[in-house]
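Step one of this worksheet: look at the structure below.
What follows is calculated from the coordinates using simple rules that are stated; it is not laboratory data. Source: prediction; values computed, not measured. Every residue, glycine as well, gets a Cβ built from its backbone with ideal geometry; the counts of neighbours run over all protein chains shown.
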């Protein structure tokens with residue numbers, strides 16, 4: 001086994017024993033297992049992967065696919081049933097924010113308790129407490145009992161404690177997109193910072209953007225088994241295309257991603273969907289995901305809508321920089337462009353893309369007739385990478401020119417007029 | 001393919017499905033002090049937090065653990081000294097509160113034990129969320145409960161020491177207090193071991209807590225808290241059975257340390273068997289002996305007892321039963337030894353049991 005891996009997982013599996021009644025358990029114990037009182041449920045089966053320091057791995061999959069179970073096993077709160085794993089370095093797990101918070105105690109007291117619970121000494125916590133309080137930005141609330149906090153404030157505190165410790169391996173269970181937008185950004189920055197410093201991050205999220213953005217690799221878990229493993233872009237695409245193909249046939253995963261979609265509960269009813277989307281250089285068939293500032297591109301979206309009369313649709317597209325800054329968003333409903341027919345290909349032309357260098361995520365949205373409810377989010381097969389040769393800073397290249405003007409100071413000119 | 005032995009060797013620094021081997025479990029029992037030291041911050045903070053939770057937001061705050069034993073003592077003192085005193089005429093001056101003190105110490109020790117068991121039984125189940133979400137040593141949880149109740153008990157002991165030193169209710173204890181650390185340690189081990197077993201059972205079978213709450217009540221009446229086994233002739237034949245109750249030894253040892261127990265038992269006995277004593281006393285007085293000789297037997301020597309019995313036999317043949325019953329369990333060393341064996345036994349068995357089951361807690365709570 002190579003020592004440079006920070007995490008190695010071999011054939012990991014976890015089964016739970018389900019007893020229908022306590023009597024069955026007693027019977028099983030008394031007969032020393034001769035009468036089997038339990039049923040086995042495999043929450044996780046045969047998971048294999050390794051991680052190197054400085055890499056990050058995302059887990060995606062529907063509810064109950066085994067994501068949390070895998071993280072729980074690796075965090076050490078429960079033991080595997082089969083297989084084995086080992087870790088190299090200090091581990092911090094964040095399975096639930098604020099687990100172990102005591103409502104009657106102040107935020108400050110809870111910082112100490114929580115840190116000590118995670119295995120840090122009081123001395124260590126004393127040296128970190130100011131940093132944690134700074135990060136949480138709770139103001140004078142830090143010395144109030146936690147029961148007076150709003151739920152968002154509680155999450156802030158929990159996250160602040162969790163990231164203040166300096167682990168080598170961090171296990172996060174879809175908790176870090178917490179609080180308001182401002183704090184979310186702070187959390188994401190902190191996670192990025194971890195990654196830059198060579199820490200290993202393992203995390204699970206329903207947000208495929210997060211998985212793509214933060215993770216090099218990803219695992220898609222389906223019914224406890226690995227359905228796909230590989231680069232995060234590849235895996236998330238496999239996952240989304242599976243979901244796309246199984247709308248209507250897999251009630252569970254459908255309800256997960258399309259909770260309010262009409263017909264979500266009725267598998268016979270067909271929903272509109274985006275079948276494919278790609279980025280091209282404008283007016284060519286050359287697919288392009290690495291472009292220069294000022295290039296002209298176009299986005300082609302293929303869609304199907306079985307019931308255009310009862311269920312009109314709109315398409316939308318967003319541009320998100322990697323740090324989650326929204327750089328732009330457009331929608332057919334905003335431009336009064338109608339999508340007609342049961343299927344089609346819609347092209348969005350963007351001449352002279354004046355974004356400055358960066359990596360951008362392009363979510364494509366399929367929305368209802370009013371552009372309010374979102375039926376589907378589709379991710380481009382790759383992120384859009386923009387390069388530029390100039391040294392301008394910022395997000396956009398703003399049209400501008402420099403010129404010589406009137407040398408008289410503006411003030412004296414105003415006085416002269418008066 | 002690896003042979004099984006090779007695989008086991010290779011598994012050394014891996015986390016696997018293999019349950020801990022017997023040697024590993026025994027190793028953990030032996031390194032238990034190390035575990036406690038390693039997690040001292042966690043234990044200290046949890047105990048402090050738990051104590052603070054009990055009194056946070058109350059008007060008297062940290063005075064409450066003092067009020068509680070004080071109140072219990074006041075009740076016992078009142079009932080057994082003032083209210084019932086007319087039934088026990090023969091108590092010498094300075095010892096009127098014997099029965100009150102006797103019961104107070106019994107109740108104080110018992111309360112620490114019973115409350116630990118009652119809460120401790122559910123400690124793993126109640127902290128299920130913590131166990132599922134945080135990787136931390138769950139064997140700390142039952143220990144915290146024991147320590148919290150020990151600290152509360154010590155508040156009572158402190159009250160008792162201050163009370164006896166400043167008032168004339170009872171003589172202040174002396175050099176026997178050196179036994180206190182050992183008594184505390186054994187009491188902690190005993191209670192902890194029992195909670196480890198019960199809280200584990202409760203995880204797998206939720207009926208445990210119900211059974212325990214009945215069991216504790218029965219156990220309380222089987223432990224001499226409100227009665228003096230030596231003073232009730234009808235139960236003298238059950239004394240060997242009473243000796244099997246570990247809590248009997250613990251309570252006895254505490255009483256011996258905190259009171260001057262041999263004189264107490266003489267007095268108590270005389271108070272319960274007041275009638276007999278009274279007659280014996282009268283007889284002795286008639287024969288020219290002062291009262292106090294019988295009633296304030298401080299550590300009576302065998303010769304003194306024999307002499308008194310002979311004397312009693314001569315004057316009043318029907319009363320010679322009294323004094324010979326004094327020496328039933330009057331050996332502190334022996335009681336501590338017996339309780340110590342119980343305590344270590346419970347701890348080792350409980351800890352092993354807990355360690356074996358621990359890995360399944362997160363799946364069951």
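Of note:
- Here residue A:58 clears all of (1) farther than 25 Å from residue B:136 by Cα; (2) buried (at least 17 other Cβ atoms within 10 Å of the Cβ); (3) touching a helix residue (DSSP H, G or I) at 6+ places or on another chain (Cβ under 7 Å); (4) away from chain B (no Cβ under 14 Å) except the condition numbered (1).
- Residue ID - nearest to residue B:362 (Cα to Cα), chosen from residues in segment A:29-43 that are within 11 Å of another protein chain (Cβ to nearest Cβ) and surrounded by 12 or more Cβ atoms within 10 Å (Cβ to Cβ): A:43
- At least 2 residues being within 13 Å of chain B (Cβ to nearest Cβ), surrounded by fewer than 19 Cβ atoms within 10 Å (Cβ to Cβ) and at negative phi is the threshold, and among the helices (runs of 4 or more DSSP H) wholly inside segment A:92-190 those reaching it are A:122-136.
- Residues in segment A:371-395 that are in a loop (DSSP other than H, G, I, E, B) and closer than 12 Å to residue A:279 by Cα: A:380, A:381, A:382, A:383.
- Within segment B:15-50, considering residues that are under 24 Å from the mean Cα position of the chain (by Cα) and more than 10 Å from every other protein chain (Cβ to nearest Cβ), the one surrounded by the fewest Cβ atoms within 10 Å (Cβ to Cβ): B:33
- Conditions (1) away from chain B (no Cβ under 13 Å); (2) part of a strand (DSSP E or B): number failed by residue A:83: (1)
- Qualifying residue in segment A:63-72 (condition: within 22 Å of residue A:204 (Cα to Cα), facing chain B (nearest Cβ under 9 Å), assigned to a loop (DSSP other than H, G, I, E, B) and in contact with a helix residue (DSSP H, G or I) (Cβ under 6 Å, 6 or more places away or on another chain)): no
- Subset of segment A:195-208 that is within 16 Å of the chain's Cα centre (by Cα) and part of a helix (DSSP H, G or I) - its residue that is surrounded by the fewest Cβ atoms within 10 Å (Cβ to Cβ): A:195
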